[in-house]
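The values are calculated or read from the model by the stated rules, or taken from the named source; none is laboratory data. None of the values given here were measured: they were computed from a predicted structure. Cβ sites come from the backbone with ideal geometry, for glycine too, and all protein chains shown count toward neighbours.
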Amino acid sequence: MADVKNHAPLHYNQVEHKLVLLYLIDKMDLPLSRSQITDFVREGEYMDYYTLQQTLAEMVDGAYLEKIQDNNNTRYSVTDEGMTTLEYFENHIPSGIRTKISKYVHDNFHSVKRDFEITANYFLDNETDEFVVKCGVYEDKRVLMEINVSVVSREQARLIQTNWKSNVSALYMNILSELAKPADAEPAEPVEPVGSEPPSEEGSPSEEGSPSEEEPPSEEELPSEEEPPGGQNENEMDAGKTG
């Protein structure tokens, strides 16, 4: 026993290991993946990897944790039996460890929540021989958006998966904005490719109010004959002769 304590002062017995995991998952208030739990254990040096895997298996077998299979990912949540156990034995966890776990939850909650609420998974549809990518955004167990996209190759499916997770905010807002437009709203201006010319031709007739082909002037609008030099007309010249 002395050797174990000398190697790792933060190591606890088997019961305390289980209480630490119950306390973590309960405080996070979200199902945690195996990798997220592993990161927590390594950062706090609570137990080694093999002890963690054994403890998780025993807690699932003992109905303290429920194992949820999320496509290729495994998540763990606390069962009613686990909550009852934690309520009875929470004080057996040293106060310093409880404080440390609470700080870890505070620092990592948003990243864990974001990872849980944004999904992008793909699978092969045997009927169509195409890959179906399922992208989703969720909030407080509500579905905000789910999109299924069929593509012909695994590479395309992986690319969509990566792009959805890295650009989900912009993609979500753009899709929602387009779908929520009123039916009588002005259509959006088409985005022209860079360097392209506008589709209209120069000199083409335009709509009402713009210049059109000129009509020939009427006789009333025709200009009068030019006056002879000196600014006198023919009648004035005749009068001058008789005078």
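Find the helices (runs of 4 or more DSSP H) located wholly in region 1-73 whose residues include 2 or more that are closer than 21 Å to Ile93 by Cβ and at pLDDT below 85, and list them.
So the answer is 2-7.
So Glu127 passes all but one of these: (1) assigned to a helix (DSSP H, G or I); (2) of a type outside the set (Val, Ile, Thr); (3) surrounded by fewer than 11 Cβ atoms within 10 Å (Cβ to Cβ). Which condition number does it fail?
With (1) assigned to a helix (DSSP H, G or I); (2) of a type outside the set (Val, Ile, Thr); (3) surrounded by fewer than 11 Cβ atoms within 10 Å (Cβ to Cβ) applied to Glu127, the lone miss is (1).
Please go through region 130-153 and give me each residue that is loosely packed, with under 14 Cβ neighbours inside 10 Å and free of Cβ contacts under 8 Å to residues at least 24 places away in the same chain, ordered by number.
Matches in region 130-153: Glu139, Asp140, Lys141, Arg142, Val143, Glu146, Asn148, Val152, Ser153.
Among the residues of region 93-102, are any farther than 21 Å from Tyr46 by Cβ and not in a strand (DSSP E or B)?
Checked region 93-102: no residue is farther than 21 Å from Tyr46 by Cβ and not in a strand (DSSP E or B).
Return the residues of region 36-48 that are within 33 Å of the chain's Cα centre (by Cα) and free of Cβ contacts under 8 Å to residues at least 12 places away in the same chain; say none if nothing qualifies.
Scanning region 36-48 gives Asp39, Val41, Arg42.
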